[in-house]
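Engineer: Take a look at the following structure, please.
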Amino acid sequence: MLTFILKRVLATVPVMGVVALIVFLLLRLSPGDPAAVIAGDYATAEQIEKIRTQLGLNQPILVQFISWLGDLARGDLGVSIFSNLPVSTLIAQRIEPTLMLAFTTITFSVVVAVPLGVLAAWKAHSWIDRAVMVFAVVGFSMPVFVLGYFLIYGFALGLRWFPVQGYRSPFVDPGLFVSHITLPTIALSAIFIALIARITRASVLEVLEEDYIRTARAKGQAERKVLLVHALRNAAVPIVTVIGLGVALLIGGVVVTESVFNIPGLGRLVVDAIQKRDYPIIQGLILFFSFLYIALNFLIDIAYTLLDPRIRY
Amino acid sequence: MSGTVKALPVGATLFGQWRPLAARYPLVLASAVIVLLFVLAALCAPLLWTTDPLALNPLNRLKPPSAANWFGTDQFGRDLWTRTVFGARVSLIVGVTVAILSISIGLVIGLTAGYIRLLDGIVMRVMDGLMAIPGVLLAIALVSLSGASRFTVIVAITVPEIPRVVRLVRAVVLTVREEPYVEAAVAAGTRLPLILIRHVLPNCVPALIVQATYVCASAMLTEAILSFLGAGTPPEIPSWGNMMAEGRAFFPIAPRIILFPGAALALMILAVNVLGDGLRDRLDPKLARRV
């Protein structure tokens with residue numbers, strides 16, 4: 001097990017290296033003069049030069065790359081052009097709402113989608129199955145910001161059940177946290193519920209054909225136990241894989257959702273950076289999210305061995 | 001979509017026997033009609049009782065729907081029906097262009113990687129890296145470095161779509177290259193480019209057509225997201241994402257500025273995705289059975 005974990009850690013290093021290289025080259029190889037684009041249309045030559053120096057663009061490219069990698073290894077993601085604060089500090093300030101939203105979304109999605117998927121597989125080809133699958137297709141195609149605005153329109157402006165936008169920390173006021181996070185969570189969950197329900201259905205459906213399911217039923221095992229213990233447990237690996245891959249979608253979705261619901265998290269940091277042309281923030285967040293994604297999928301790889309004892313590396 | 005894929009009668013073609021097909025896939029047919037309507041609307045936008053999408057009319061601002069302005073007007077008095085119809089143009093142009101570009105580029109890279117062992121390792125590591133970067137953020141970075149223009153937006157949306165196409169093509173190549181007819185072609189002295197074009201490429205086509213519809217839907221969504229966040233299509237062009245971004249401040253008093261283009265976007269993406277599912281069941285039954 002330990003050697004396996006070690007091997008997997010080593011395997012993530014090249015991927016992280018490639019990500020770092022791609023992000024590094026983005027700024028250096030982009031057509032035109034990025035310093036001029038970042039400085040804006042009305043910048044003087046001096047201002048452009050200052051940004052070029054700040055981004056380290058006037059050194060030889062190999063020197064740039066090595067010093068940049070060194071900074072990365074120390075956790076230095078660069079300095080914001082606009083506020084002069086380290087990007088890592090800005091991320092630390094804004095991470096709580098984003099983590100909370102990601103957490104509520106994944107929890108809500110799994111709690112809703114897995115039972116829906118099992119139900120659809122159990123009642124395969126019935127109207128329940130069809131309804132779940134139609135819902136899955138619609139949910140998968142529903143743009144998160146469109147759904148977000150429809151939810152605000154119906155439940156915040158119309159029925160007034162929830163506040164229109166904003167965020168409250170659960171550590172300050174749990175009640176207000178729940179009322180503020182509900183609509184964003186539902187909006188962001190739609191795509192995951194669709195994705196997870198679909199894969200759960202397919203995976204459970206496949207397992208239900210297995211001999212051991214027939215054996216379990218033949219020995220008079222309760223249907224509930226057959227579904228949850230025998231079928232779902234064995235269908236877990238693809239479901240967990242999809243949840244891991246879905247994190248990439250989640251990151252894109254978080255940026256948009258925070259913008260719709262005015263949540264002061266990392267997504268808003270990106271949007272503010274776009275408006276202020278603060279490229280180091282965008283770059284820092286790309287690195288942060290990519291590494292987070294790689295790390296999460298590494299953990300999921302390890303979780304496989306716990307979920308399915310047959311998987312041995 | 002529908003649980004199992006029933007065997008199709010021998011001799012059934014993609015467009016032949018549409019009557020049984022329509023009965024079996026009513027949703028797919030409905031989606032095809034919706035997509036067709038959007039395409040027609042985009043092509044004939046000036047003829048569809050529209051005015052100038054950019055014409056300002058401050059006296060007529062924030063008006064509710066009426067006989068003159070079917071969807072009402074926005075905060076500058078521009079006609080929302082006109083802008084929504086013209087928005088279909090932007091979406092379709094971006095969706096189709098990105099689909100064509102990413103499929104062609106992915107095809108070339110995938111064929112090369114699948115056939116030249118030396119390049120395979122390097123290319124696939126780069127693709128793994130690209131896939132680990134969230135697509136929307138990568139596109140935002142590309143747009144904010146090169147400035148917003150139609151061209152930049154299309155390039156920025158294409159780049160994150162490429163790795164999935166490459167993986168797909170490479171997977172097909174790796175299976176096909178072991179097939180007896182390819183071995184026979186190699187033994188007969190057929191040169192590599194000819195093998196790729198004559199034997200490998202046709203095997204990729206069904207999966208690529210299916211993938212193209214998904215890429216198209218995903219590109220339209222990303223374009224809207226980028227425009228909505230202010231890193232997309234230049235704001236003077238009436239795209240659905242731009243309309244929604246401009247409507248944000250007026251949402252409590254005039255939600256239709258956001259809801260009409262939003263509904264159009266959702267409907268378009270849904271229709272293209274369902275069409276993709278239908279094509280997949282039809283063209284790529286192996287894939288259909290897996291998902």
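The values are calculated or read from the model by the stated rules, or taken from the named source; none is laboratory data. These numbers come from a predicted model, not from an experiment. Note that each Cβ is placed from the backbone with ideal geometry, even for glycine, and that neighbours are counted across all protein chains shown.
Engineer: Go through the residues of segment A:98-113 one by one and say whether even a single one is over 23 Å from A:Arg201 (Cα atoms), in contact with a strand residue (DSSP E or B) (Cβ under 8 Å, 6 or more places away or on another chain) and of a type in the set (A, V, I, L, M).
Structural biologist: no
Engineer: Okay, moving on. State whether the residues of segment B:66-76 include one that is closer than 16 Å to B:Pro261 by Cα and among the aromatic types (Phe, Trp, Tyr).
Structural biologist: yes
Engineer: Right, here's the next one. Considering each residue of segment A:76-114, count those that are exposed (fewer than 14 other Cβ atoms within 10 Å of the Cβ) and within 27 Å of A:Gly244 (Cβ to Cβ), and give that number.
Structural biologist: Looking only at that region, the number is 5.
Engineer: Can you find, within segment A:153-201, the residue that is nearest to A:Val256 (Cα to Cα) among those that are among the basic types (Lys, Arg) and buried (at least 23 other Cβ atoms within 10 Å of the Cβ)? If you could, list the steps in order and put the result at the bottom.
Structural biologist: Taking segment A:153-201 as the starting set, the residues that turn out to be among the basic types (Lys, Arg) are A:160, A:168, A:198, A:201.
Then keep just the ones that are buried (at least 23 other Cβ atoms within 10 Å of the Cβ); that gives A:198, A:201.
On the way: A:Arg198: 24, A:Arg201: 29 Å.
Ranking the qualifying residues of segment A:153-201, first place goes to A:Arg198.
Engineer: Run down B:Glu183, B:Glu178 and say which single residue is without any contact (Cβ under 8 Å) to a residue 60 or more places away in the chain, within 30 Å of B:Met127 (Cβ to Cβ) and not in a helix (DSSP H, G or I).
Structural biologist: On the way: B:Glu183 fails: not in a helix (DSSP H, G or I).
After applying the criteria, what remains is B:Glu178.
Engineer: Among the residues of segment B:79-105, which ones are over 17 Å from B:Gly262 (Cβ atoms) and touching a Leu at 6+ places or on another chain (Cβ under 7 Å)?
Structural biologist: B:Ile103
Rundown of residues vs (1) among the hydroxyl-bearing types (Ser, Thr, Tyr); (2) over 25 Å from B:Pro134 (Cβ atoms), yes/no style:
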site: B:Ala171; (1), (2): no, no
site: B:Cys204; (1), (2): no, yes
site: B:Tyr214; (1), (2): yes, no
site: B:Leu259; (1), (2): no, yes
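Engineer: Quick check: anything in segment A:49-66 small (Gly, Ala, Ser) and surrounded by fewer than 12 Cβ atoms within 10 Å (Cβ to Cβ)?
Structural biologist: Scanning segment A:49-66, I find no residue that is small (Gly, Ala, Ser) and surrounded by fewer than 12 Cβ atoms within 10 Å (Cβ to Cβ), so the answer is no.
Engineer: Please tell me if B:Thr222 is hydroxyl-bearing (Ser, Thr, Tyr), more than 21 Å from A:Ala156 (Cα to Cα) and more than 10 Å from chain A (Cβ to nearest Cβ).
Structural biologist: When the stated conditions are applied, B:Thr222 does not pass them.
Engineer: Could you list, in sequence order, the residues of segment A:247-296 that are at the interface with another protein chain (Cβ under 9 Å from one of its Cβ atoms), surrounded by fewer than 19 Cβ atoms within 10 Å (Cβ to Cβ) and polar (S, T, N, Q)?
Structural biologist: Matches in segment A:247-296: A:Gln275 only.
Engineer: Go through segment A:2-35 residue by residue and tally those that are in a helix (DSSP H, G or I) and facing another protein chain (nearest Cβ under 9 Å).
Structural biologist: 13
Engineer: Can you give me the number of residues within segment A:206-228 that are under 13 Å from A:Pro115 (Cα atoms) and surrounded by 13 or more Cβ atoms within 10 Å (Cβ to Cβ)?
Structural biologist: 2
Engineer: Please determine whether any residue of segment A:236-244 is surrounded by fewer than 22 Cβ atoms within 10 Å (Cβ to Cβ), within 30 Å of A:Ser83 (Cβ to Cβ) and at pLDDT below 85.
Structural biologist: No, every residue in segment A:236-244 fails to be surrounded by fewer than 22 Cβ atoms within 10 Å (Cβ to Cβ), within 30 Å of A:Ser83 (Cβ to Cβ) and at pLDDT below 85.
Engineer: Got at least one residue in segment B:250-264 being within 9 Å of another protein chain (Cβ to nearest Cβ) and touching a residue at least 60 places away in the same chain (Cβ under 8 Å)?
Structural biologist: Yes - at least one qualifying residue is present in segment B:250-264.
Engineer: Here is a list: A:Leu77, A:Leu57, A:Leu85, A:Leu72. Which entry is in contact with a Ser or Thr (Cβ under 7 Å, 6 or more places away or on another chain) and over 30 Å from A:Thr200 (Cα atoms)? Full working, then the answer.
Structural biologist: On the way: A:Leu57 fails: in contact with a Ser or Thr (Cβ under 7 Å, 6 or more places away or on another chain); A:Leu85 fails: in contact with a Ser or Thr (Cβ under 7 Å, 6 or more places away or on another chain); A:Leu72 fails: in contact with a Ser or Thr (Cβ under 7 Å, 6 or more places away or on another chain).
The conditions single out A:Leu77.
Engineer: Output the residues belonging to segment B:27-55 that are among the aromatic types (Phe, Trp, Tyr) and either under 18 Å from B:Val274 (Cβ atoms) or crowded, with 18+ Cβ neighbours inside 10 Å (or both).
Structural biologist: B:Phe38
Engineer: Still on this structure, I have one more. Considering only residues of segment B:111-155 that are touching an Asp or Glu at 6+ places or on another chain (Cβ under 8 Å) and more than 10 Å from every other protein chain (Cβ to nearest Cβ), which is nearest to B:Arg170 (Cα to Cα)?
Structural biologist: My answer is B:Gly114.
Engineer: To continue, here is another question. Part of a helix (DSSP H, G or I) and closer than 16 Å to A:Val137 by Cα, is that true of A:Arg214? It would help to see each step written out before you state the result.
Structural biologist: Details: part of a helix (DSSP H, G or I): yes; closer than 16 Å to A:Val137 by Cα: no.
Answer is no for this residue.
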